[in-house]
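Enquirer: Could you have a look at this structure, given as structure tokens, before my questions?
The values are calculated or read from the model by the stated rules, or taken from the named source; none is laboratory data. This structure is a prediction, so every number in the text was calculated from the model and none was measured. Don't worry about glycine lacking a Cβ; one is built from the backbone with ideal geometry, like all the others, and counts go over all protein chains shown.
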Amino acid sequence: MSTSRLGWFVLGALTAVLVLAAGAYLFIRGGGVPMGTTAKPLPLERTVAHMALRASYGNAADQKDSLPLDDTNMLAGVHVYQYRENCAVCHGLPGQPHTAIAKGMFPDPPLLFEKEEMVTDDPEGITFWKVTNGIRLSGMPGFAKTLSETDRWHVTMLVAHADKLSPSVQGKR
């Protein structure tokens with residue numbers, strides 16, 4: 001390729017990038033990205049969000065809960081989960097409908113004790129990461145500053161084993 005052709009190619013590529021950037025800016029500035037929780041998701045929005053979230057986990061899936069899996073720790077998880085400012089306000093209680101807060105969120109927070117929405121297949125390290133860090137633009141807060149590491153592991157244990165709770169733990173949910 002001659003020098004002049006290379007120059008025209010570079011100029012064309014830069015122009016294309018600038019036009020795309022300007023178009024994206026105008027699209028966003030003109031209200032093309034709906035920010036209301038009642039708006040329908042944009043095409044590929046879920047795909048991009050899931051891809052970014054999976055990339056953020058890093059090696060979190062390798063983390064294991066060091067607490068023994070027993071009723072004492074599960075009941076501690078129930079206590080943390082049910083506290084009014086923690087999980088239950090968004091993720092609900094067994095057999096209960098979404099709260100008014102949860103109904104207004106986008107995306108809908110899963111009801112963690114309903115069979116269709118349980119996340120018991122997530123590695124416990126991933127659940128712990130979500131509880132600790134939260135999930136940007138989803139309404140899921142991070143609890144690193146408000147719950148101790150032990151409390152976060154208690155909740156992680158409860159959610160990870162939500163499909164096989166002992167009778168004594170089921171009676172307290």
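Enquirer: In the set THR72, THR120, which member is modelled with pLDDT under 90 and hydroxyl-bearing (Ser, Thr, Tyr)?
Expert: Answer to the selection: THR120.
Enquirer: Any idea which of ILE126, ILE101 is without any contact (Cβ under 8 Å) to a residue 40 or more places away in the chain and either among the hydrophobic types (A, V, I, L, M, F, W, C) or in contact with a Lys or Arg (Cβ under 8 Å, 6 or more places away or on another chain) (or both)? Lay out the reasoning, then the answer.
Expert: On the way: ILE126 fails: without any contact (Cβ under 8 Å) to a residue 40 or more places away in the chain.
Criteria check complete, one pass: ILE101.
Enquirer: Do you know which residues across the stretch 97-112 are part of a loop (DSSP other than H, G, I, E, B) and either outside the structural domain of HIS161 (by TED's automatic domain parsing) or out of contact with any Phe, Trp or Tyr (no Cβ under 9 Å at 6 or more places or on another chain) (or both)?
Expert: The answer is PRO97, HIS98, THR99, GLY104, MET105, PHE106, PRO107, ASP108, PRO109, PRO110, LEU111.
Enquirer: Moving on to the next point. Just for the stretch 31-73: of the residues that are part of a loop (DSSP other than H, G, I, E, B) and among the aliphatic types (A, V, I, L, M), which one is surrounded by the most Cβ atoms within 10 Å (Cβ to Cβ)?
Expert: So in the stretch 31-73, the residues part of a loop (DSSP other than H, G, I, E, B) come out as 31-44, 57-59, 63-70.
Cutting the leftovers down to among the aliphatic types (A, V, I, L, M) gives us 33, 35, 39, 42, 44, 67, 69.
Details: VAL33: 12, MET35: 8, ALA39: 10, LEU42: 11, LEU44: 9, LEU67: 16, LEU69: 10.
The residue in question is LEU67.
Enquirer: Turning to a different aspect of this structure: Quick check on the stretch 81-94. Is at least one of its residues touching a residue at least 60 places away in the same chain (Cβ under 8 Å), part of a helix (DSSP H, G or I) and farther than 18 Å from HIS50 by Cβ?
Expert: The answer is yes; a qualifying residue exists.
Enquirer: List the pairs whose first member sits in the stretch 39-61 and is in contact (Cβ under 8 Å) with a residue 24 or more places away in the chain, whose second member is aliphatic (A, V, I, L, M), and whose Cβ atoms are under 7 Å apart, counting only residues at least 6 apart or on separate chains?
Expert: Note: pairs meeting the criteria are LEU53/ILE135; TYR57/ILE126; ALA60/ILE126; ALA61/ILE126.
Enquirer: Anything in the stretch 8-30 that is surrounded by fewer than 10 Cβ atoms within 10 Å (Cβ to Cβ) and small (Gly, Ala, Ser)? List them, or say none.
Expert: Result: GLY30, single match.
Enquirer: Does the stretch 126-173 hold any residues that are outside any loop (DSSP other than H, G, I, E, B), buried (at least 18 other Cβ atoms within 10 Å of the Cβ) and more than 13 Å from the chain's Cα centre (by Cα), and which are they?
Expert: Once the filter is applied, which keeps residues that are outside any loop (DSSP other than H, G, I, E, B), buried (at least 18 other Cβ atoms within 10 Å of the Cβ) and more than 13 Å from the chain's Cα centre (by Cα), the stretch 126-173 yields ASP151, ARG152, TRP153, HIS154, VAL155, THR156, MET157, LEU158, VAL159, ALA160, ALA162, VAL169.
Enquirer: Within the stretch 80-108, can you find the residues that are basic (Lys, Arg) and either over 19 Å from ALA39 (Cα atoms) or modelled with pLDDT under 90 (or both)? Steps first, please.
Expert: Our first condition is that a residue be basic (Lys, Arg); within the stretch 80-108, this holds for 84, 103.
Residue satisfying the conditions is ARG84 alone.
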